[in-house]
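The values are calculated or read from the model by the stated rules, or taken from the named source; none is laboratory data. Computed from a prediction, not measured in an experiment: that's the story for all the values here. Here Cβ is always computed from backbone atoms with ideal geometry, including for glycine, and neighbour counts include all displayed protein chains. Keep in mind that these areas ignore ligands, DNA and RNA; they rest on the heavy atoms of the full protein, side chains included. Shrake-Rupley method; radii C 1.70, N 1.55, O 1.52, S 1.80 Å.
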Amino acid sequence: QSALTQPASVSGSPGQSITISCTGTSSDVGSYNLVSWYQQHPGKAPKLMIYEDNKRPSGVSNRFSGSKSGNTASLTISGLQAEDEADYYCCSYAGSSTYVFGTGTKVTVL
Amino acid sequence: QVQLVQSGAEVKKPGASVKVSCKASGYTFTRYYMHWVRQAPGQGLEWMGIINPSGGSTSYAQKLQGRVTMTRDTSTSTVYMELSSLRCEDTAVYYCARERSAYEFDPWGQGTLVTVSS
């Protein structure tokens, strides 16, 4: 199972919007509405930000939103804030009780 | 509140085995699957496998088949991940994470650093 493809880095100024892509295949991202996104600050455990492609857990800011088209899922952060600077990972169910993570994206707030 | 507390850091020699524990609290242990995910230094997240705490059934990443074993102890609400035939490239932070409701991981344990070095 190959990792989902994400851009290595994305940057934006405070207040701007950025989008992180996550490209898989018809066997994972394209087959299930089960993409989740995680935020990870240095030295910390990942935190769930989006699940089931576009649902937000309670407590997560509505500045975070998810979408999907075909084999590519996306995470959009609007109104970028300094605290959003972190690594972000997508994850997809891949069938037969297996999962695959994305390669990860470092978000920098300029 | 839901909490996952993992065992402490380990240093192992190549060829040895390591067993990491993850103690759950704040919910009914047998109702939620548990996953293990690892992260090598400076690298991304890698899914390792899943265990059903109710019946003990497991599913492992193909890459780790034959070297990883996940078990659970329902009397202490603890899951375990044992990795054998350790190699230097197994050096990583190992996380347990509960599958919340629909194939997503929440919350996560604090992580356990396993260092493999001769």
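Using a 1.4 angstrom probe on protein heavy atoms only, the contact between A and B buries about 1700 square angstrom of accessible area, both sides summed.
In this simple spin-label approximation, residue A:54 and residue B:118 carry label points 7 Å from Cα along the Cα→Cβ vector, and these lie 5.4 nm apart.
Treating each Cα of region A:34-82 as an identical point scatterer and summing with the Debye formula, the log10 of I(q)/I(0) at q = 0.13, 0.25 Å⁻¹ comes to -0.30, -0.98.
Given R0 = 35 Å, the distance between the Cβ atoms of residue A:96 and residue B:110 translates into a calculated FRET efficiency of 0.75.
With each label modelled as a point 7 angstrom along the Cα→C-beta vector, the residue B:54-residue B:75 pair spans 2.3 nm. Relative contact order, whole percent, for chain A stands at 38, derived from Cα pairs under 8 Å and 6 or more residues apart. Within the protein assembly as shown, A:91, B:88 have no other Cys Cβ under 4.7 Å of their Cβ and so lack a disulfide-compatible partner by this rule. Place a point 7 Å from Cα of residue A:41 in the direction of its Cβ. Which residues in region A:58-83 have their backbone N less than 11 Å from it? Flagged as within label range: A:83.
Based on alpha carbons, the Rg and Dmax found for chain A are 13.1, 41 Å. Between the alpha-carbon centres of region B:96-118 and region A:58-110 there is a gap of 18 Å.
Averaged per residue, the protein assembly as shown has 45 square angstrom of accessible surface, using a 1.4 angstrom probe with ligands and nucleic acids left out. Taking each of A:106/B:19; A:44/B:19; A:44/B:23 in turn, the alpha-carbon distance tops 26 angstrom for A:106/B:19. Spread over its residues, the convex hull of the C-alpha atoms of the protein assembly as shown is 114 Å³ per residue.
Seen from residue B:113, the other residues with C-beta closer than 13 Å to its C-beta sum to a net charge of 0, counting Lys and Arg as +1 and Asp and Glu as -1. Extent along the principal axes, Cα only, for region B:36-118: 37, 25, 23 Å, with the longest axis given first.
The apolar share of the surface of the protein assembly as shown, taken as the fraction of accessible area on carbon and sulfur atoms (1.4 Å probe, ligands and nucleic acids excluded), comes to 44 percent. Seen from residue A:7, the other residues with C-beta closer than 13 Å to its C-beta sum to a net charge of 0, counting Lys and Arg as +1 and Asp and Glu as -1. Extension gain, residue B:102-residue B:11: 0.36 nm per intervening residue step, less the Cα-Cα distance, totals 29.3 nm. For region B:35-51, heavy-atom accessible area (probe 1.4 Å) falls by no less than 40 Å² from the chain alone to the full protein assembly at B:45, B:47.
Remark: mean inter-chain Cβ contacts per residue of A:26-35 equal 1, using a 10 Å Cβ-Cβ cutoff to other protein chain atoms.
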